[in-house]
1. Given the conditions (1) modelled with pLDDT under 95; (2) open to solvent by less than 20 Å² (accessible area, probe 1.4 Å), and given that Ile189 satisfies all but one, which numbered condition is not satisfied?
2. Which helices (runs of 4 or more DSSP H) sit wholly inside the range 222-289 and have at least 2 residues that are more than 29 Å from Gln153 (Cα to Cα) and open to solvent by 70 Å² or more (accessible area, probe 1.4 Å)?
3. Ser19 is checked against (1) away from the ligand (no atom under 14 Å from the Cβ); (2) of a type in the set (S, T, N, Q); (3) at pLDDT 95 or above; (4) under 17 Å from Ala132 (Cβ atoms) and fails just one. What number does that condition carry?
4. Taking the range 160-186 as the region of interest, how many residues are open to solvent by 90 Å² or more (accessible area, probe 1.4 Å) and modelled with pLDDT under 95?
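The values are calculated or read from the model by the stated rules, or taken from the named source; none is laboratory data. Treat the numbers as computed from the prediction; the structure is a model and nothing was measured. Cβ atoms come from the backbone with ideal geometry, glycine included; neighbour counts cover every protein chain shown. Accessible surface areas use protein heavy atoms only, side chains included; no ligands, DNA or RNA. Shrake-Rupley method; radii C 1.70, N 1.55, O 1.52, S 1.80 Å.
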Amino acid sequence: VRFLIDAILESILTEFLRSRMTSNSLRHVSVLLEEILQIADPRSGETWIDATCGAGGHARRIAERVAPNGQLIAIDQDAEILAAVADRFEGLAVRRYHANFDQLSAVLEVAEIDKVDGLLADLGFCSDQMDAASRGLSFQQDGPLDMRLDQSQGATAADLLAREEEEELARIFKEYGEERFARKVARRIAEQREIEPILTTHQLANLVRRSVPRDSGSRIDPATRVFQGLRIAVNDELGCLERLLAELPRRLKANGRVAIISFHSLEDRLVKQAFQNQDIWETLTRKPIVPSDDEMRQNPRSRSAKLRIAKRK
Ligand SMILES: C[S@@+](CC[C@H](N)C(=O)[O-])C[C@H]1O[C@@H](n2cnc3c(N)ncnc32)[C@H](O)[C@@H]1O
């Protein structure tokens, strides 16, 4: 019996350790990295913020650039990934903060910094978060419908599906997911939740597939847009970006640079509009920079990336 208990405990421990993120297990590939370094040009001695540290690829290179006397403030709302990347910054002046970037001023106050020389925001989520079934961001694997990037607070996707009015769900799918059949999907959800709660990614994906006619010729799964819409709503992605953009002018020194990578048109529109204010910004990218064919081939996830960079006047 003792032997059996030991074997069970060991297998539980092995499974637990395997499921934890470590910096070696992170697979995310940074997007448009050289372009950011070249145009936003972090320099030795400067103070920078990486508002979306993630797997730390951009952060590490920026921290190397600002060394030896500069520093980097690395923010992420995902405590787990922020803990996992710690050893990527060994020997570099990097301080990590678990926070939403819409709390930029609060973070800077704790860090005792008034203004910075540069900020990067690489929006959305890392491949590692997308691939973790337990986060429910992807319908490729079955998992709980969570979708929160900050798993320490807030309502999950399953909560939204259970409590929002049918009209509100339709708005989320239409506005944030750009789903043509938003009303149909919302109606199906409202009917289905009377029978049983919708709790898993496969439950939702199958329901969407049954509600939406498959686009002939399109290789995109019909569930893609609904999942995008829900994720944006769960994380209030557009609200957070708006608040960051509003706060930035106060927190950048004159000639401070800001680089923002967005992954869908709703985000890019907000960034473009903010940078149009010529009293505040000089844009360093006339048009958004997109990844080269080579980068897209090597990292298909970069396909929808758009980079805009501006300088504080
Ligand atoms: C695309 S990944 C960043 C990848 C990173 N640049 C790299 O090279 O490894 C985006 C990261 O931003 C974080 N994030 C997204 N929205 C955020 C927000 N509002 N506040 C703080 N972190 C956020 C996500 O948790 C995720 O880790």
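1. (1)
2. Of the helices (runs of 4 or more DSSP H) lying wholly inside the range 222-289, those with at least 2 residues that are more than 29 Å from Gln153 (Cα to Cα) and open to solvent by 70 Å² or more (accessible area, probe 1.4 Å) span 265-275.
3. Going through the list (1) away from the ligand (no atom under 14 Å from the Cβ); (2) of a type in the set (S, T, N, Q); (3) at pLDDT 95 or above; (4) under 17 Å from Ala132 (Cβ atoms), Ser19 breaks only (3).
4. Number of matching residues: 2.
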